[in-house]
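Please treat every number below as a calculation from the coordinates, not as lab data. In this text the structure is predicted, and so the values were computed from the model without any measurement. Glycine also receives a Cβ, built like all others from the backbone with ideal geometry; neighbour counts cover every protein chain displayed.
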Amino acid sequence: MKRDILGVGIDDLTLDEAVESGISLLSQPGFHYVVTPNPEFILSAKNDEAFRGVLNGADLAVPDGVGVVYAAKLLGTPLKTKVPGIDFAQGILRHMAATGMSLFLLGAKPGVAEKAAENLTHTYPGLRICGVHDGYFKEDGPVVEEIKAAGPDVLFVCLGAPKQELWMAQNGTETGARLAIGLGGSLDVFAGTVERAPEKWQKMGMEWLYRLIKEPKRIGRMAKLPLILVDAVGARLRGK
Ligand code: UDP
């Protein structure tokens, strides 16, 4: 069931339920895409109708981070839990490895997707990586053709938001993949170029703080994130 979090529909699922739902999308004919909204997505979607439309058009939208869960609570429409995009991706990867499915990695700086592919093949024996492409290209057409020729079951699109969501909605069907997932900086994590917060920090809902300590230049981007809570309180008071 979807919850309306400040104009963006978010699925109220646990991680396991979200993975099950992703697997079920894979068994259905046609193209499907998954989005992983965090507070930054929801704040930008507020003033960006196209982005909002694409988020709401997704087959599955998981709450990536505690900020979305707090906002949901303040709105009076609580969500069960956060579902970090990268955890969701790992659940899908486990299923793909067990069933021998193929994956295409799109995004990040040149060389990163190759390294991520190498590490993922190691971690998930049975997973087939049928192609990679960096995320700094000018024209979509040749990239779409390359993906189509590779014939993946699943496509990870890691171009940052809102680029990756708009890209999936516009080009997804043409790629021939059955499932695309917008995963932000996940290829950097899979490649080992960016370190994820230790599990303790993740469990405490402090992954954002760890990331800020590691990448202090994100302070400008992150400083506005508490606004999602202000917006949620405002919306609740207005009775929305
Ligand atoms: N990126 C890309 N093409 C672009 C802009 C960004 O491939 O035109 C990549 C970037 O290299 C990084 C990812 O998109 O790997 C987005 O990272 P960001 O930290 O913004 O995402 P988050 O993890 O916050 O969702």
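Points worth noting:
- Residue identified as hydroxyl-bearing (S, T, Y) and farther than 22 Å from V233 by Cα among S27, S44: S27
- Candidate set: the stretch 95-115, residues that are within 10 Å of the ligand (Cβ to nearest atom) and either touching a helix residue (DSSP H, G or I) at 6+ places or on another chain (Cβ under 9 Å) or polar (S, T, N, Q) (or both); chosen: the one farthest from D188 (Cα to Cα): L106
- Test: residue in the stretch 186-198 that is near the ligand (Cβ under 10 Å from one of its atoms), free of Cβ contacts under 8 Å to residues at least 60 places away in the same chain and closer than 21 Å to Q90 by Cα: yes
- In the stretch 152-164 there is at least one residue that is within 16 Å of the ligand (Cβ to nearest atom), assigned to a helix (DSSP H, G or I), of a type outside the set (K, R) and under 21 Å from F41 (Cα atoms).
- Of all the listed residues (G65, G57), the sole one being on the phi > 0 side of the Ramachandran plot and either in contact (Cβ under 8 Å) with a residue 40 or more places away in the chain or among the charged types (D, E, K, R) (or both) is G65.
- Filtered by the rule that a residue be more than 13 Å from the ligand (Cβ to nearest atom), surrounded by 24 or more Cβ atoms within 10 Å (Cβ to Cβ) and in a loop (DSSP other than H, G, I, E, B), the stretch 165-185 gives a lone residue, A177.
- Within this structure, I92 passes the test of being more than 15 Å from the ligand (Cβ to nearest atom), surrounded by 22 or more Cβ atoms within 10 Å (Cβ to Cβ) and either acidic (D, E) or assigned to a helix (DSSP H, G or I) (or both).
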